[in-house]
Amino acid sequence: MRRVAVTGMAGISPIGNDWASIRKRLGEYRNGVVRMAQWAEYDGLNTQLGAPAAPFELNSRYHRKSMRSMGRVALMATRASELALADAGLLGDALVQSGALGIAFGSAAGTPSAIGDFGRMMEERSTRGINATTYIKMMAHTAPVNIGVFFGVTGRIITTSSACTSGSQGIGYAFEAIRAGQQVAMIAGGAEELCATEAAVFDTLFATSTKNDACHTTPRPFDAERDGLVVGEGAACLILEEWDHAKARGARIHAELVGFGTNSDGSHVTQPRVDTMHRAMQLALADARLAPSAIGYINAHGTGTEQGDVAESQASWRMFGSQVPISSLKSYMGHTLGACGALEAWVSIEMMREGWFAPTINLERVDARCAALDYIMGQGRVLQCEYVMSNNFAFGGINTSLIFKRHA
């Protein structure tokens, strides 16, 4: 089977939109969570915490006509893809429109305000506010479709709208398409825009943090005092490319994607299963032909929820024991839902390249119900490793695991 290189990486996140900015924020051990004052208007919504994306710039290509079918989620996805294509040296390259490059990209949902327009139609029995692009903005595949139209991509489009694994499934399915010889390169990743409706999804399950007056102290993945997750937003994109093609054109290779595992719990839509989480990691290791001892760092899904943290820690311990350092980037960025798998893959690769891994901030005392893992706490850790694993676990019981290899 063909090898797959990561030749481009970029993103938009609550703590910065380039590695230098993100690295600075990680080193300051300070998250991007703020109080969303406007959410106080929603009766019954307990959380007022969110992690909005850092401001990002657009160039002259983004005008009324090119953006008419884009909500914020599609706009962030397209901009992240543009930056990643530029990083790969492929922006404007003939490969992009040749049919040999495809897209695997997702979000948990389309733009909430557009979804709301159709909701109002059902409530008021009126099409007021609905126009020719309302559906395009709300549809589950709004991100990959808008990316494709913006860049003239004619290869395959794979939509991955699977909640918290949208981004990681996008990367995984792109990997499989290249490895099978169906595409030479893929734009892969995920995006999500911040909205009170997405916070309400978790709030109704009593799974959101309500430390509204102490926003930088939450979320607290794996901590005994955690009280839930914080919803964030952003987008990230990896350009995946067939190894020999990348080498032949002299591309800079950031890392090699060597393993992908995905499965489903098949039991409950919101209660995670240790067995199937563990199995997803096994599948990724088998795909990469690696022993558990080869993994030098695990980027945890680590949402800061009671059931999720306990199940994930137990599954990780069953796979690795207490030997592999682990931390959660959601302590910095919040839970960016459809974007998290891609953002965390990007930052994990950058940390592996630098040899420095961020701790889980706000983790002070590990919950006794969580397994005895090597949690990176307090300060960042200097590590030289050949392989990192990035795990994500979504509503609906969808599990993913990605393994990246360091490239000198």
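The values are calculated or read from the model by the stated rules, or taken from the named source; none is laboratory data. What you see is a predicted model; the values in this text were computed from it and never measured. Backbone-built Cβ (ideal geometry, glycine too); neighbour counts: all protein chains shown. Side chains included, ligands, DNA and RNA excluded: accessible areas come from the protein's heavy atoms. Shrake-Rupley method; radii C 1.70, N 1.55, O 1.52, S 1.80 Å.
Odds and ends about this structure:
- Single unsatisfied condition, LYS211 versus (1) open to solvent by 20 Å² or more (accessible area, probe 1.4 Å); (2) under 23 Å from the mean Cα position of the chain (by Cα): (2)
- Residue within region 175-182 that is in contact with a strand residue (DSSP E or B) (Cβ under 8 Å, 6 or more places away or on another chain), open to solvent by 10 Å² or more (accessible area, probe 1.4 Å) and within 29 Å of ILE376 (Cβ to Cβ) present: no
Yes/no per residue for (1) modelled with pLDDT under 95; (2) within 10 Å of the chain's Cα centre (by Cα); (3) among the acidic types (Asp, Glu):
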| site | (1), (2), (3) |
| --- | --- |
| ALA311 | no, no, no |
| GLN314 | no, no, no |
| MET319 | no, no, no |
| GLN323 | yes, no, no |
| SER328 | no, no, no |
| HIS335 | no, yes, no |
| CYS340 | no, yes, no |
| LEU343 | no, yes, no |
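- Scanning region 46-98 for residues that are hydrophobic (A, V, I, L, M, F, W, C), crowded, with 19+ Cβ neighbours inside 10 Å and part of a loop (DSSP other than H, G, I, E, B) returns ALA53, MET70, LEU90.
- Pair list, Cβ < 6 Å and 6+ apart or interchain, from region 183-197 residues that are under 13 Å from SER162 (Cβ atoms) to residues that are buried (at least 23 other Cβ atoms within 10 Å of the Cβ) and among the charged types (D, E, K, R): GLU192/GLU233
- Helices (runs of 4 or more DSSP H) wholly inside region 271-384 containing at least 2 residues that are touching a Gly at 6+ places or on another chain (Cβ under 8 Å) and of a type in the set (Gly, Ala, Ser): 274-288, 340-354
- Residues that are open to solvent by less than 20 Å² (accessible area, probe 1.4 Å), in contact with an Asp or Glu (Cβ under 9 Å, 6 or more places away or on another chain) and of a type in the set (D, E, K, R), drawn from region 279-312: ASP309
- Looking across region 147-180, just one residue is without any contact (Cβ under 8 Å) to a residue 60 or more places away in the chain and closer than 15 Å to LEU75 by Cα, and that is GLY148.
- Residue within region 139-158 that is assigned to a helix (DSSP H, G or I), touching a helix residue (DSSP H, G or I) at 6+ places or on another chain (Cβ under 7 Å), surrounded by fewer than 22 Cβ atoms within 10 Å (Cβ to Cβ) and not β-branched (Val, Ile, Thr) present: yes
- Once region 159-170 is narrowed to residues that are in a helix (DSSP H, G or I) and not aliphatic (A, V, I, L, M), the residue that is surrounded by the most Cβ atoms within 10 Å (Cβ to Cβ) is GLY167.
- Any hit, region 298-306, residues being out of contact with any helix residue (DSSP H, G or I) (no Cβ under 8 Å at 6 or more places or on another chain) and at pLDDT below 95: yes
- Inter-residue pairs, beta-carbon under 9 Å, first basic (Lys, Arg) and in region 219-247, second in a strand (DSSP E or B) and modelled with pLDDT of 95 or more, 6+ apart: LYS247/ALA5
- Residue in region 111-138 that is surrounded by the fewest Cβ atoms within 10 Å (Cβ to Cβ), counting only those that are touching a residue at least 40 places away in the same chain (Cβ under 8 Å) and in a loop (DSSP other than H, G, I, E, B): THR133
- Residue ID - farthest from ALA286 (Cα to Cα), chosen from residues in region 214-264 that are open to solvent by 20 Å² or more (accessible area, probe 1.4 Å), in a strand (DSSP E or B) and out of contact with any Lys or Arg (no Cβ under 7 Å at 6 or more places or on another chain): SER264
- Here ALA108 fulfils each of the conditions (1) at pLDDT 95 or above; (2) more than 29 Å from GLY397 (Cα to Cα); (3) part of a loop (DSSP other than H, G, I, E, B) apart from (2).
- Scan region 129-146 for residues that are touching an Asp or Glu at 6+ places or on another chain (Cβ under 8 Å) and within 18 Å of THR78 (Cβ to Cβ) and the total you get is 1.
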